[in-house]
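Encoded as structure tokens, the structure appears first; notes follow it.
The values are calculated or read from the model by the stated rules, or taken from the named source; none is laboratory data. No experiment lies behind these values; they were computed from the predicted model shown. Every residue, glycine among them, receives a Cβ derived from its backbone with ideal geometry; neighbour counts consider all protein chains shown.
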Amino acid sequence: MIEQVNGHILAPKQATKYPATLVLGKNGMLTLSSDVHRGQFQLDQTTVTDPIGNMARHITFSSGHVFVSTDPQQLNQWLNIHAKKSWIAQLEKNLGLIIIATLVSLAALYFIVAHGIPAASKTIAHLLPDAVVEEVGEQTFSLVESMGFTESQIKPQRQIELQQLFQQTLDKLHQEQIVFSIQPSLLIYNSKDGANAFALADGQIILTDDMINLAKNDQQLEAVILHELGHVHHRHVLTTLIQSSILSVGAALIVGDASGISDMLVSVTVLGTSLTYSRNHEREADQFAALQLQAWYKNTDSIVELYQLLQTEHNLDIPDWASTHPDIDERIETLRSDSIQ
């Protein structure tokens, strides 16, 4: 049975619509009539868009002309009989394949997020030149005073002793063949937020007065310094920046122009994943410190004791999933165990 459908045709690189008719013949033969393009064509010589509901399917000829029917139902019925179904169209109608494809996609997404992005970010972070590292460190340091850090109240002689302790720690790491492309430095500040320590991208390590006063001895402060040097050694600050960028760009590409609840869900997902990465970085820095303490003193007592003091000092009731740091009890238990490699 020969059928005819009406519609319009679009010439290549033109927006003008030209009236056209398409005769649907047997064995996939198409006869096109219009003012700009006409002739007979086999269906397999054209490109047909995949079916989406009852929307009209477009037929693109080898010349680049595109036929759009004004009677999509009639054309779609004919195409369903004569057109070869793409594997995507077949997949959409197979529930079993849909379930398998969904599970495979979720597994691939989990692997990429849990392993691919961290590995790629770490590789990129270690490939960045020192000039970039120093620039990031300088930009971060410029925010220190605005974050409430003020001049240290620690006595000058004690600060000299701490600088000596810091240098001795670096010297011992050097003997272990652990060196830094940018020489780390120790900065001491007073902070209204209490005991704290953190590292900048360029190796500047900041200790607060309260952290110094909290520690019972220099070995505990050495443990803090080692933990922060672990962040520097693994370039965690740069890795975090790269991970956040990849996550944000990836979410934007997948979701597109999200709004409302979709935008909120994407933001929460990105934040939750970033917090997971942050907790893993803290574990890695703990491991770095513990390995050195075990090598030097045959135990990790100093860092365990300091964490116990911090636990008493802060005692914040923050859910593990919402924290940048692992649960303190978990960290203490891990450091006490013999399983650190």
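Summary table
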quantity	calculated
Enumeration of residues in segment 173-203 that are without any contact (Cβ under 8 Å) to a residue 12 or more places away in the chain and in a loop (DSSP other than H, G, I, E, B)	177, 179
Answer residue from segment 294-329, given it is modelled with pLDDT under 90 and charged (D, E, K, R) and is farthest from residue 275 (Cα to Cα) among those	313
Wholly enclosed helices (runs of 4 or more DSSP H) of segment 204-293 bearing at least 1 residues modelled with pLDDT under 90 and surrounded by 17 or more Cβ atoms within 10 Å (Cβ to Cβ)	236-255
Residue within segment 103-125 that is in contact with a Lys or Arg (Cβ under 9 Å, 6 or more places away or on another chain) and in the same structural domain as residue 244 (by TED's automatic domain parsing) present	yes
Given (1) surrounded by fewer than 11 Cβ atoms within 10 Å (Cβ to Cβ); (2) under 20 Å from residue 325 (Cβ atoms), index of the condition residue 115 fails	(2)
Answer residue from segment 1-23, given it is among the aliphatic types (A, V, I, L, M) and within 51 Å of the chain's Cα centre (by Cα) and is modelled with the lowest pLDDT among those	15
Verdict on residue 15 being without any contact (Cβ under 8 Å) to a residue 12 or more places away in the chain and either part of a loop (DSSP other than H, G, I, E, B) or under 18 Å from residue 72 (Cβ atoms) (or both)	yes
